[in-house]
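What follows is calculated from the coordinates using simple rules that are stated; it is not laboratory data. Since we're looking at a predicted model, the values are computed, not measured. Using ideal geometry, Cβ is built from the backbone for each residue, glycine included, and neighbour counts are taken over all protein chains shown.
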Amino acid sequence: MVPRAQRSAVRIACLLLAFLAALPLAGVRPPAPQTSLGVEGSTTLGPIALGFAEAFMSGDADARITIGQTGSGDGAAALIAGRCDVAAMSRFMKPRECRKAVKAGFLPVPHVVAMDGVCVIVHPTNPIDGLTIAQVREIYTGRITNWKQLGGPDKAIVPISRDSCSGTFETFHRLVMGSFANYGKGTEYASGSAHPYGRVKDTPGAIGYVGLGFVNKSVKALKVNGVTPSRRTIASGRYPIIRPLFLWTRGYPKLGSPVHAFVTFHLSEEGQQIIEAKGFVPLTAY
């Protein structure tokens with residue numbers, strides 16, 4: 001059992017490092033010779049990480065950057081085990097993950113690269129335009145099972161959730177489900193962001209949740225508590241299900257190193273353009 005004082009110290013250290021990492025440092029345009037980086041983690045952050053990697057490799061013929069997308073929890077585990085240089089995570093590290101990192105000999109440092117909203121999506125033919133947080137919760141706990149209970153068609157609701165390794169799941173569970181830990185028996189669980197998106201796109205009765213970058217005309221994003229998810233409502237904090245997106249490193253990276261260049265690239269104009277092009281919210285947006 002880790003003493004309470006030690007647990008508190010780890011939490012305080014992580015929060016302090018988060019504050020220091022958010023201070024404005026000049027983002028550097030890549031080309032470090034023979035850049036070799038491994039990035040593991042969030043499927044939500046995948047498009048941003050891939051966009052950054054493409055920018056780096058287009059400016060440096062010797063650059064080799066690999067992007068793994070298996071979930072935020074896997075990213076944290078890979079960083080702690082030394083299997084990657086950068087962990088892409090759509091949530092903050094958990095206290096137990098921070099403790100493991102400290103035991104492995106380093107303090108994990110978060111770099112907030114963008115903002116995102118967890119969007120509740122349905123099939124485009126669904127006439128429902130909005131739900132409250134309470135209604136979404138009742139759907140996922142199995143208390144509401146048919147769209148007619150919400151003024152929609154007489155059609156069974158098919159709830160699609162992310163699996164527990166997902167940072168998107170963590171955000172949804174914390175901000176929507178709260179203390180309601182048990183999901184309804186009819187809930188389907190999906191790994192990756194593409195699966196719930198595809199299931200909702202192809203299933204008229206389905207409901208799911210994805211990051212803003214995965215919303216397009218093939219699905220309909222619902223208003224939540226009367227607020228439509230958009231870059232403006234997410235940047236202003238009006239949309240109720242928002243979260244920062246992180247790149248984590250083993251300690252603060254050396255200035256001028258490939259890792260430092262990658263995790264501060266979002267501060268450059270090109271990095272911000274990539275984030276916006278991928279459908280997410282740059283830190284400069286409002």
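When restricted to residues that are touching a residue at least 60 places away in the same chain (Cβ under 8 Å) and part of a loop (DSSP other than H, G, I, E, B), region 231-252 contains 5. The lone criterion from (1) touching a residue at least 24 places away in the same chain (Cβ under 8 Å); (2) part of a helix (DSSP H, G or I); (3) within 17 Å of the chain's Cα centre (by Cα) left unmet by ILE67 is number (2).
What is the number of the single condition among (1) of a type outside the set (A, V, I, L, M); (2) part of a helix (DSSP H, G or I); (3) within 18 Å of the chain's Cα centre (by Cα) that GLN273 does not meet? Answer for GLN273: the failing condition is (3). Selection of region 38-64 for residues being touching a residue at least 24 places away in the same chain (Cβ under 8 Å), part of a helix (DSSP H, G or I) and over 14 Å from GLY271 (Cβ atoms) yields only GLY46.
For region 206-228, a residue qualifies if it is of a type outside the set (Val, Ile, Thr) and out of contact with any helix residue (DSSP H, G or I) (no Cβ under 7 Å at 6 or more places or on another chain), and the qualifying residues are ASN216, LYS217, LYS220, ALA221, LEU222, LYS223, GLY226. The set of residues in region 102-128 being out of contact with any helix residue (DSSP H, G or I) (no Cβ under 7 Å at 6 or more places or on another chain), surrounded by fewer than 14 Cβ atoms within 10 Å (Cβ to Cβ) and of a type outside the set (Ser, Thr, Tyr) consists of LYS103, GLY105, PRO124, PRO127.
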